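The structure appears right after this line, and notes come after that.
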Amino acid sequence: MGGWAIAVHGGAGVDPNLPAERQEEAKHLLTRCLNIGISALRSSLPAIDVVELVVRELESDPLFNSGRGSALTANGTVEMEASIMDGDGRRCGAVSGISTVKNPISLARLVMDKSPHSYLAFSGAEEFAKQQGVEMVDNDYFITEDNVGMLKLAKEANTILYDYRIPITGLESCAASVESPIHMNGLPISVYAPETVGCVVVDGQGRCAAATSTGGLMNKMTGRIGDSPLIGAGTYAGELCGVSCTGEGEAIIRGTLARDVAAVMEYKELGLQDAVDYVIKKRLDKGFAGLIAVSNKGEVAYGFNCNGMFRGCATEDGFMEVGIWE
């Protein structure tokens, strides 16, 4: 074992015109979350507890698209989803269609720990949350002024937005600068920006864990489910590694991206970074995405095939990095 390691992300596919102050806000949040995770790891908290703790912090800050600040459906409401996986025994829990649970990642953890199932959705998940006594809030808590404005623009453009805090005043010029529209499941979208937050951790005992949470796509159809709650697609952890993905959910689902990192490590005997690079290059077809990963050896890696990814990582030997671009 090579000691503990942690990585966090706040979405892949960053608007190149994102103002410097927004970039700094994102880096500050990622740094804060990394430090929370580092402190927990130094206190010998298990990996599964650390990923939940860090993602709760990301969900509680409206900067990224999860929890408060989540993207809005076409009906102007929030439908969140999350998943968590403990590589020690490959236990997992996931939720979708969450509209009143303050921290969806903790509900996913309860599905894993307190139910006979791995995945609960919509009214069943909300009822389970009430039974477990988790903190509930009105749907309005999750809705921000920025996202109301972005939904309006999305409806006017009749498109789906991969949500990040693209400034509303600059969105029109950003969209106009895209010469060849990106396609999602064969349908064009005029603006590509990231979604989803995630955390992966290997603790000092070599146990890997992963957690992912999102509000999904801006102006998405009600009932749409992306990769984030799907074990093996947006989230995976096993004996060898922990992985959390972000980007075009439909492409991540088709490529079973998170599980494939572990698979090529196991079956092709690739190292962690080589496995990440292989999957990003070979499994996304024409999709755009990124991912973060840790190995049971204390390694950390990331990769993306789009214009930047909000990410941060740290290891027990003192290495720490927070970045957006290549």
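The values are calculated or read from the model by the stated rules, or taken from the named source; none is laboratory data. This is a predicted model, so every value here is computed, not measured. In this analysis, Cβ positions are derived from the backbone assuming ideal geometry, glycine residues included, and neighbour counts consider all displayed protein chains. For the accessible areas, the whole protein counts, side chains as well, though only heavy atoms, and no ligand, DNA or RNA atoms are used. Shrake-Rupley method; radii C 1.70, N 1.55, O 1.52, S 1.80 Å.
Let me confirm something: among Glu21, Glu52, Glu25, which residue is assigned to a helix (DSSP H, G or I) and buried (at least 18 other Cβ atoms within 10 Å of the Cβ)? Just a single option satisfies the conditions, and that option is Glu52.
The residue that is most open to solvent (accessible area, probe 1.4 Å), among those in the range 137-147 that are part of a helix (DSSP H, G or I) and within 15 Å of Thr73 (Cβ to Cβ), is Asp140. If you filter the range 82-120 down to residues that are more than 18 Å from the chain's Cα centre (by Cα) and closer than 21 Å to Ser60 by Cα, you find that the one that is surrounded by the most Cβ atoms within 10 Å (Cβ to Cβ) is Val111. Every condition in (1) at pLDDT 95 or above; (2) of a type outside the set (Ser, Thr, Tyr); (3) in a helix (DSSP H, G or I) is met by His117 except one, and the failing one is (3). Applying a threshold of 6 Å to beta carbon distances and a minimum spacing of six or more residues, or different chains, the list of pairs starting in the range 58-83 at a residue that is within 21 Å of Gly124 (Cα to Cα) and ending at one that is acidic (Asp, Glu) and open to solvent by 10 Å² or more (accessible area, probe 1.4 Å) reads Thr73/Glu79.
For the range 287-298, the count of residues that are open to solvent by 60 Å² or more (accessible area, probe 1.4 Å), in contact with a Phe, Trp or Tyr (Cβ under 7 Å, 6 or more places away or on another chain) and among the aromatic types (Phe, Trp, Tyr) is nonzero. Does the range 277-286 contain at least one residue that is buried (at least 18 other Cβ atoms within 10 Å of the Cβ), touching a Leu at 6+ places or on another chain (Cβ under 8 Å) and within 21 Å of Gly3 (Cα to Cα)? No, every residue in the range 277-286 fails to be buried (at least 18 other Cβ atoms within 10 Å of the Cβ), touching a Leu at 6+ places or on another chain (Cβ under 8 Å) and within 21 Å of Gly3 (Cα to Cα).
Residue-level check: of (1) of a type in the set (Asp, Glu); (2) surrounded by fewer than 19 Cβ atoms within 10 Å (Cβ to Cβ); (3) touching a residue at least 12 places away in the same chain (Cβ under 8 Å), Asp260 misses just (2).
Which one of Val300, Val264 is closer than 22 Å to Leu58 by Cβ and not polar (S, T, N, Q)?
Details: Val264 fails: closer than 22 Å to Leu58 by Cβ.
The conditions single out Val300.
(1) modelled with pLDDT of 95 or more; (2) within 21 Å of Ile143 (Cα to Cα): which one isn't true of Val8, the others all being true? Only one criterion in (1) modelled with pLDDT of 95 or more; (2) within 21 Å of Ile143 (Cα to Cα) is unmet by Val8, namely (2). Looking only at the range 196-244, residues that are part of a loop (DSSP other than H, G, I, E, B), hydrophobic (A, V, I, L, M, F, W, C) and open to solvent by 10 Å² or more (accessible area, probe 1.4 Å) come to 4 in all. Would a scan of the range 102-111 turn up a residue that is out of contact with any Cys (no Cβ under 8 Å at 6 or more places or on another chain), modelled with pLDDT under 50 and not in a loop (DSSP other than H, G, I, E, B)? Within the range 102-111 (the criterion being out of contact with any Cys (no Cβ under 8 Å at 6 or more places or on another chain), modelled with pLDDT under 50 and not in a loop (DSSP other than H, G, I, E, B)), the answer is no, since none of the residues qualifies. Only a single item in (1) open to solvent by 60 Å² or more (accessible area, probe 1.4 Å); (2) hydrophobic (A, V, I, L, M, F, W, C); (3) closer than 20 Å to Leu58 by Cα is not met by Phe319, and it is number (3).
With the structure loaded, tell me whether Met150 is out of contact with any Gly (no Cβ under 9 Å at 6 or more places or on another chain), of a type outside the set (S, T, N, Q), modelled with pLDDT of 85 or more and open to solvent by less than 60 Å² (accessible area, probe 1.4 Å) or whether it fails that test. The answer is no for Met150. So, Ser44, is that one over 23 Å from Trp325 (Cα atoms), part of a helix (DSSP H, G or I), open to solvent by 10 Å² or more (accessible area, probe 1.4 Å) and of a type in the set (S, T, N, Q) or not? No, not satisfied. The sole residue among Val134, Val191 that is at pLDDT below 90, part of a loop (DSSP other than H, G, I, E, B) and not hydroxyl-bearing (Ser, Thr, Tyr) is Val191. Taking the range 299-316 as the range and being of a type in the set (S, T, N, Q) and either open to solvent by 60 Å² or more (accessible area, probe 1.4 Å) or touching a residue at least 60 places away in the same chain (Cβ under 8 Å) (or both) as the test, the residues that pass are Asn307, Thr315.
Kindly indicate whether Gly76 is more than 14 Å from the chain's Cα centre (by Cα) and either of a type in the set (Ser, Thr, Tyr) or open to solvent by 20 Å² or more (accessible area, probe 1.4 Å) (or both). Walk me through how you get there before you give the answer.
Details: more than 14 Å from the chain's Cα centre (by Cα): yes; either of a type in the set (Ser, Thr, Tyr) or open to solvent by 20 Å² or more (accessible area, probe 1.4 Å) (or both): yes.
Judged against the criteria, Gly76 is a match.
Checked across the range 230-242, the condition of being touching a residue at least 12 places away in the same chain (Cβ under 8 Å), of a type outside the set (Lys, Arg) and in contact with a Phe, Trp or Tyr (Cβ under 6 Å, 6 or more places away or on another chain) holds for no residue.
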